[in-house]
Amino acid sequence: MSTLPEQFKKQKQFLVCVDSDGCAMDTMNVKHERFFGPLAADEYGIKDRETFLADWNRINLFSSTRGINRFKALVLTLQVAQEKGENVGDITALTNWADNALSLSNGSLEAQIAETPSEDLEKALVWSKKVNEGIEKELAGEDKPFPGVLEGLTKIHSLTDVAIVSSANSEALNSEWNRHNLMQQVDVVYGQEVGSKADAIADLLTKGYAADEILMVGDAPGDEAAATTNGVFYYPILFGKEEFSWECLSNEALGKFMNKEYAGEYQAKVLGEFHALLAQFD
């Protein structure tokens, strides 16, 4: 069972960090298509919903910004909407906060509103809370892990420490992972409240792991960037090929990682596959 980041202590030599939405949990597409995008269109009075939702899905699911933080995604999509003639109001304060805040979460947004009240900040918070509420109430019976995730995590956890490193909120992570019996294969949870994924990995490095003893598993360029920033390894879960990716992780990549054979040729191979997939959509 998992513990809190501040209480977590290293138990094994190696650590595998795992993202949640779109990586372990088959929840990413449905969350964006049913909640994030449509609720943003509602909140900001979008007139051409079809175009707005297509832009939302491109930015969040099918491009090099896949997996971006929800508030950064909101700003990007609203800016595109403005360029196409939509009246979404003044989003200056929201843009500045999303660009500069150390933590992009509901809690940090509430703190910013208390300090410098602004209509665009308040609207973003209302939207984000509605998203969380909708996901928690309506997806409880629909969320599921990708095939092979439980088996893969069970094998990985028998050999390494395991951390969830996600931009989702910890309450949702605990709910989803416990519901599907995945949390018993996890030692610690780093959700959005802790900060960015790069911040989470940086904190985990302070627990005593060497950089070449940490592997970040994710499905988005932001996951790769978080790993690169901290000098640790990255293994991509290829969207559309998730079951294959998890089988390869547990049967091939994990062994290379633990045998100190991951650097160089193998890392380049899996990154090449990942970038080639993204290039099909950019």
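The values are calculated or read from the model by the stated rules, or taken from the named source; none is laboratory data. Quick caveat, the model's predicted, so the values are computed rather than measured. FYI the Cβ positions are ideal-geometry reconstructions off the backbone, even for glycines, and counts take in every protein chain you see. Calculation scope for accessible area: heavy atoms of the full protein, side chains included, ligands and nucleic acids excluded. Shrake-Rupley method; radii C 1.70, N 1.55, O 1.52, S 1.80 Å.
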Counting only protein heavy atoms with a 1.4 Å probe and every protein chain in place, the carbon and sulfur fraction of the accessible surface of the stretch 152-212 in whole percent equals 49 percent
In this structure, the FRET efficiency calculated for Asn178 and Asn251 from their beta-carbon separation, with R0 = 30 Å, to the nearest 0.05, is 0.65
Heavy-atom accessible area per residue of the stretch 28-139, all protein chains kept, 1.4 Å probe, expressed in Å², is 47 Å²
Of the accessible area of the stretch 1-126, computed with a 1.4 Å probe and all protein chains kept, carbon and sulfur make up a percent value of 50 percent
With Val270 itself left out, Lys, Arg at +1 and Asp, Glu at -1 over residues whose Cβ is under 11 Å from its Cβ give -2
So, with points 7 Å from each Cα along the Cβ direction, the Tyr266-Ala210 label distance in nm works out to 1.5 nm
Taking R0 as 30 Å and r as the Cβ-Cβ distance between Glu119 and Ser64, the FRET efficiency 1/(1 + (r/R0)^6), rounded to the nearest 0.05, comes to 0.45
Counting as exposed only trypsin sites (Lys or Arg not before Pro) in DSSP loop states with no more than 16 other Cβ atoms inside 10 Å, the longest exposed-site-free span of the chain is 85-206
Helix 106-115 sits off the longest principal axis of the Cα atoms of the chain, rounded to the nearest 10 on a 0 to 90 degree scale, by 50 degrees
Whole-Å distance linking the alpha carbon centroid of the stretch 203-282 with that of the stretch 46-83 is 26 Å
Sites removed, the longest contiguous part of the chain containing no DSSP-loop GluC sites (Glu not before Pro) with at most 13 other Cβ within 10 Å is 1-141
Counting only residues 5 or more apart in sequence or on a different chain, those whose built amide H sits under 5 Å from that of Tyr235 are Met216, Val217, Gly218
Everything considered on the Cα gyration tensor (a ≥ b ≥ c; rounded for a/c under 1.5, else prolate if a/b is larger than b/c, else oblate), the chain must be described as prolate
